[in-house]
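As structure tokens, the structure follows; a few thoughts come after it.
All of the numbers you see were taken from the coordinates with simple rules; none came from a lab. Source: prediction; values computed, not measured. Cβ placement follows ideal geometry from the backbone for every residue including glycine, while neighbour counts extend to all protein chains displayed.
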Amino acid sequence: MTVAIEKMTLAEFLAYDDGTDKLYELENGELIDMPSESEINRRIAAFLFVYFSQLGIPAYRLTMKTEMAVSGSRVSVRVPDLLVLSEELATAMERATRSIVLMDMPPPLLVVEVVSPNQEKRDYRYKRTEYAARGIAEYWIVDPIVRKVTVLEWIEGLYEEKVFAGDNKIESSVLENLDLTVDRVLQGR
């Protein structure tokens, strides 16, 4: 749902408080009310957080629901399901008073979005372009609806796409020793 107000700047978005606990994204200056997560989406994101931690990624470099400024026709702010931060980005965020990756900060190493019903276009198209503009090394689109994981790898200024399904092992250039199938991710266990 789009909240009907005038186009916002990033500064206005950061200062915005409607007195509720609602979560919003900023999409080209428009405030977008984020719906509650489904149980399967929450479970998938939590499973990946734990799995990445077991791979040896320290907890301070893993974060869920951290805001991230991206560029579109106007500055936008996305709220990915999971981020893997670089050491440089984790250091830049240490003293932050708000959990947000600003445009002047290094990009995360990996962004994971779990597709929600009726949000396919946003995850597959808009965020792909925005994350590419940030130079994010890898973007995973986990889609429990069509039961696949799309891994977009940043190569020479563009994302190259690999699609995995079923008992296919997911390949990642960012994560070493990955031994993970799509079925396992989609089960969230």
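Note the angle between two axes, namely the Cα long axis of helix 39-54 and the longest principal axis of the Cα atoms of the chain, as a number of degrees from 0 to 90, rounded to the nearest 10.
That works out to roughly 70 degrees.
Considering only the other residues whose Cβ falls under 14 Å of the Cβ of Arg189, what net charge follows from Lys and Arg at +1 and Asp and Glu at -1?
Its environment carries a net charge of +1.
Describe numerically, in nm with one decimal, the distance between label points set 7 Å from Cα along Cα→Cβ at Arg95 and at Asn168.
In this crude label model, Arg95 to Asn168 measures out at 4.6 nm.
Given an 8 Å cut-off on Cα distances and at least 6 residues of separation, report the relative contact order of segment 53-189 as a percent.
Values: 244 pairs, mean separation 23.0, N = 137.
This gives 17 percent for segment 53-189.
What's the center-to-center distance, using Cα atoms, between segment 157-179 and segment 1-61 in Å?
Computed from Cα coordinates, the inter-centre distance equals 24 Å.
Mind checking the dipole of segment 93-153: about its Cα centre, +1 per Lys or Arg Cβ, -1 per Asp or Glu Cβ, Debye to the nearest 20?
Result for segment 93-153 is approximately 180 debye, rounded to the nearest 20.
State the extension gain, in nm to one decimal, for the chain segment bounded by Val50 and Ala133, taking 0.36 nm per residue of separation less the distance between their alpha-carbons. Walk me through the intermediate numbers first.
On the way: separation 83, 0.36 × 83 = 29.88 nm, distance 2.83 nm.
That pair, Val50 and Ala133, stretches by 27.1 nm at full extension.
Going by average Cβ density within 10 Å per residue, which order do the peptides 154-166, 33-45, 98-110, 130-142 take, highest to lowest? Please list the in-between numbers first.
On the way: 154-166: 12.5, 33-45: 15.6, 98-110: 17.9, 130-142: 20.4.
Ranked from most to least packed, the peptides come out as 130-142, 98-110, 33-45, 154-166.
Let me know the Rg and Dmax you get for segment 50-132 when you use only its Cα atoms, in Å.
Rg and Dmax of segment 50-132, Cα atoms, are 13.0, 39 Å.
In nanometres, what is the gap between the two model label sites at Lys65 and Leu158, each 7 Å from Cα along Cα-to-Cβ?
3.7
As I understand it, the dipole of the chain uses +1 on the Cβ of Lys and Arg and -1 on the Cβ of Asp and Glu, about the Cα centre. Which of Val182, Ile141, Phe52 lies farthest toward its positive end?
Working it through, the farthest residue towards the positive pole turns out to be Val182.
Wrap a convex hull around the Cα atoms of segment 6-62, take a quarter of its surface area, and give that in square nanometres. Could you put the intermediate results ahead of the total?
Working: hull surface 22.3 nm².
Mean projected area for segment 6-62: 5.6 nm², to one decimal.
At a Cα cut-off below 27 Å, give the lysines reachable from Lys162, other chains included and same-chain residues fewer than 8 away excluded.
Excluding near neighbours in sequence, the set is Lys65, Lys121, Lys127, Lys148.
With +1 on the Cβ of every Lys and Arg and -1 on the Cβ of every Asp and Glu, and nothing else charged, how large is the dipole of the chain about its Cα centre, in debye rounded to the nearest 20?
Details: 22 positive and 32 negative charges, 57 e Å.
Approximately 280 debye in magnitude.
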